[in-house]
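Structure first, commentary second.
The values are calculated or read from the model by the stated rules, or taken from the named source; none is laboratory data. None of these values were measured; they are calculated from a predicted model. As a convention, Cβ positions derive from the backbone with ideal geometry for all residues, glycine included, and neighbour counts pool all protein chains shown. Surface accessibility is based on the protein's heavy atoms, side chains included, excluding ligands, DNA and RNA. Shrake-Rupley method; radii C 1.70, N 1.55, O 1.52, S 1.80 Å.
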Amino acid sequence: MASTTREILVPGSHYQISAERFVWAYVSSSISAIMPATDGDVLQAIGGSLWHGIKGFRNSPYSERMIGSMTAIKARAPVLGGNFGVWGGMFSTFDCAVKGVRKKEDPWNAIIAGFFTGGALAVRGGPRAIRNGAIGCAILLAVIEGVGIGFQRMMAENTRLEMPPPPPQESNAGSEGRLAPA
């Protein structure tokens, strides 16, 4: 059975991307946003557990603080996972769209996609919430991209090869084709 691929034309340009490639990029990004052991998701799980664990600990009676902590973590884990999955799916959609429109692969794509994602997630709160969510998410992604670029440059310094020093020059006075003075 032959595989049929449709081409998606980006309006106003001659740029084409196969529909299969777009769908698989979206699906893989969405799945990695939902599955816990990918990229920085483990840090998200640890951070969410600490946050809600401490919150449950503080809001429980003195004799039941550990139970309250675990109950709060269990109660909020599905909500955190769902929120992160929605954010990841929307971010992947906007990231693919921005890449298609700009026809570039650079850090600005993530910042612009973060701007759109933050704004789209805050739509129910009105225009002010849209503005604040979009700007806040764009700033967060700009910081993440900047730190990533900084780490890449820092790690590249360690792998830079240095040229060995040139061999010492011997002073032969007659080496340039002239006779040395006696």
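Data for the structure
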| quantity | calculated |
| --- | --- |
| Sole exception among (1) within 22 Å of I139 (Cα to Cα); (2) modelled with pLDDT under 85 for S49, by number | (1) |
| Residues of the range 143-164 that turn out to be more than 22 Å from the chain's Cα centre (by Cα) and under 17 Å from A113 (Cβ atoms), as a count | 0 |
| Which numbered condition L80 fails, given (1) open to solvent by 50 Å² or more (accessible area, probe 1.4 Å); (2) at pLDDT below 85; (3) out of contact with any Gly (no Cβ under 9 Å at 6 or more places or on another chain); (4) under 20 Å from C137 (Cβ atoms) | (3) |
| Tally of residues being touching a Gly at 6+ places or on another chain (Cβ under 9 Å) and either among the small types (G, A, S) or free of Cβ contacts under 8 Å to residues at least 40 places away in the same chain (or both) across the range 83-94 | 1 |
| Scan of the range 95-106 for residues that are open to solvent by 50 Å² or more (accessible area, probe 1.4 Å) and in contact (Cβ under 8 Å) with a residue 24 or more places away in the chain, ordered by number | V101, K103 |
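Residue-by-condition table, conditions (1) assigned to a helix (DSSP H, G or I); (2) touching a Gly at 6+ places or on another chain (Cβ under 6 Å); (3) open to solvent by less than 100 Å² (accessible area, probe 1.4 Å); (4) modelled with pLDDT under 85:
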{"residue": "V143", "(1), (2), (3), (4)": "yes, no, yes, no"}
{"residue": "F151", "(1), (2), (3), (4)": "yes, no, no, no"}
{"residue": "A156", "(1), (2), (3), (4)": "yes, no, yes, yes"}
{"residue": "E162", "(1), (2), (3), (4)": "no, no, no, yes"}
{"residue": "P165", "(1), (2), (3), (4)": "no, no, no, yes"}
{"residue": "S171", "(1), (2), (3), (4)": "no, no, no, yes"}
{"residue": "L179", "(1), (2), (3), (4)": "no, no, no, yes"}
{"residue": "A182", "(1), (2), (3), (4)": "no, no, no, yes"}
